[in-house]
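The values are calculated or read from the model by the stated rules, or taken from the named source; none is laboratory data. All values derive from a computational prediction rather than experimental measurement. Don't worry about glycine lacking a Cβ; one is built from the backbone with ideal geometry, like all the others, and counts go over all protein chains shown. Areas reflect the complete protein model, heavy atoms only, side chains present, ligands, DNA and RNA absent. Shrake-Rupley method; radii C 1.70, N 1.55, O 1.52, S 1.80 Å.
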Amino acid sequence: MKLLSTAQKIDAFFHPEEFPSSPTARFIHIVLSRKSDSELVLRTDEGITKEMTRMGYKDVETKPRVVFTKRKAVAPERRTGREFLRFYGILGDDCSINASMCGKCPDCLIYGYAAAESGEKSKGSLKSRVLTEDGYSILPASEITELRTFNALSELETMVEFKDGKPEMRESLGAVEYVKPEAHFVDVETLRDIREPEFIYVLGNILRTTRYGAMSSRIGKVSNIVVAIVGAEAEIFSSLQLTKLLWDNLSVNERTHPLKDDVLTEKLTEIIEDVCKKAPSRTELIVGDELNKLLDETKEIYQNPKDLVEALRNLKGIFA
C-alpha cells in the first residue's frame, strides 16, 4: 500500500516489498541542519568532542570544529522509534538494545543488530541500512562553546555539610563545557535499499527526536531542520564536505554566532543542487515547497498512524 503521495520523485529509490538481501544501488540522503535550542553537551569522555579541520575549500585555515558524533545522533533517534513501536505493540519483550535483539522488528531490520548468542539460537547479525557519519559545526568551536562551573550544594543549600554534628565545607566544585544555544551542525543520514514504510519511520524518528547529548533530561534540546532529500544511485554527500562548502559560501559578516536559519537553508540548498549536478550518479532532489509538502504529509501520517503501523507490522524480514 502506497503511503506517501509527495515522494514520487524518489519512488525509484525505494526498495520493493521484499527484504533487500543484496545491495541494489538505491540511496536516499536526508540532509540536515541540526540547531541547538538550549545548552548542549556533546562529549564522549571528557570535554566536548572536537576535530581540527580546514574551515573550507577556499579558506584553508585550520580550526577545531565541534563534532556531533554519529552515536550521539542515531542512538536517541533509534530510541524514539523503539518507543513508537512499543506503544503500538510492534516491539516485543524479546528485543533489547542492551541485551539480545529479536532480529525481526522494524528497528532491527533498519538500524541493524549484532549477534548476542552463538550456535543454533543465534539470530545472526545485520548491518544497518542507515549510513551515518559525524556532523560538524559550521562555526569554529571557539565561537559556540563555553565552560561553566558548578557546585553540588548540601541539603542546606550551602557548601556546608554537618558530619557527626560538626560543620564541614564540601569540595564539590566542577566544570562542564557546553555548546551554546542556536549553534548549527550540518549532518547527512543516508538510507540504503530502504522500503517506503521504513523511510517514513526513519524520517519520523528524526523529526520526533528533540533531545541529544549528555544530561538530556535537563538540557540538550535540538531542532532537526531537513534541508533536502536526495535520491541517488550512489552515496554522494559527506557532512564535512557540505560544511566546508557552506563555510566558503558565507560572507565574513555572516560567519557570526548565531547564524540565520533562512540564510543557511538557502545557501545549503544551492550547494546541494550544485553537488548533485556534478555527481557521478543519477539524482532526484526534493527541496523547497516540494520538501515542505513531503514533511507535512509525513507529520500527518504520524498524527493518524494506523496505515503506517500496519505497514511496519507486516514488513518482510530477512528470513521471511
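Residues in segment 298-309 that are touching a helix residue (DSSP H, G or I) at 6+ places or on another chain (Cβ under 9 Å) and not polar (S, T, N, Q): LYS299, ILE301, TYR302, PRO305, ASP307, LEU308, VAL309.
Condition first: surrounded by 17 or more Cβ atoms within 10 Å (Cβ to Cβ) and not aliphatic (A, V, I, L, M). Now tell me which residues in segment 276-306 satisfy that. CYS276, THR283, GLU284, THR298, PRO305, listed by residue number. Kindly establish whether THR53 is on the phi < 0 side of the Ramachandran plot, out of contact with any His (no Cβ under 8 Å at 6 or more places or on another chain) and of a type in the set (S, T, N, Q). In short, yes. Residues that are farther than 30 Å from LEU315 by Cβ, in contact with a helix residue (DSSP H, G or I) (Cβ under 8 Å, 6 or more places away or on another chain) and of a type in the set (A, V, I, L, M) within segment 1-60 comprise LEU42, ILE48, MET55, listed in sequence order. Going by the conditions given, is ARG313 at pLDDT 95 or above, within 27 Å of LYS72 (Cβ to Cβ) and of a type in the set (Lys, Arg)? When the stated conditions are applied, ARG313 does not pass them.
Considering only residues of segment 248-275 that are polar (S, T, N, Q) and farther than 19 Å from LYS58 by Cβ, which is least open to solvent (accessible area, probe 1.4 Å)?
Only one residue fits best here, namely THR269.
The residue that is surrounded by the most Cβ atoms within 10 Å (Cβ to Cβ), among those in segment 196-225 that are among the aliphatic types (A, V, I, L, M), farther than 18 Å from ALA12 by Cβ and in contact with a Ser or Thr (Cβ under 8 Å, 6 or more places away or on another chain), is VAL222.
Among residues of segment 182-203 that are closer than 19 Å to GLU233 by Cβ and among the hydroxyl-bearing types (Ser, Thr, Tyr), those with a Cβ under 7 angstrom from a residue that is outside any strand (DSSP E or B) and open to solvent by 10 Å² or more (accessible area, probe 1.4 Å), sequence gap 6+ or separate chain, pair up as THR190/GLU235. Within segment 187-210, the set of residues being polar (S, T, N, Q) and not in a loop (DSSP other than H, G, I, E, B) comprises THR190, ASN205. Any chance segment 140-162 includes a residue that's modelled with pLDDT of 95 or more and part of a loop (DSSP other than H, G, I, E, B)? Yes: one or more hits.
When we screen SER281, SER251 for residues that are small (Gly, Ala, Ser) and touching a residue at least 40 places away in the same chain (Cβ under 8 Å), the only hit is SER281.
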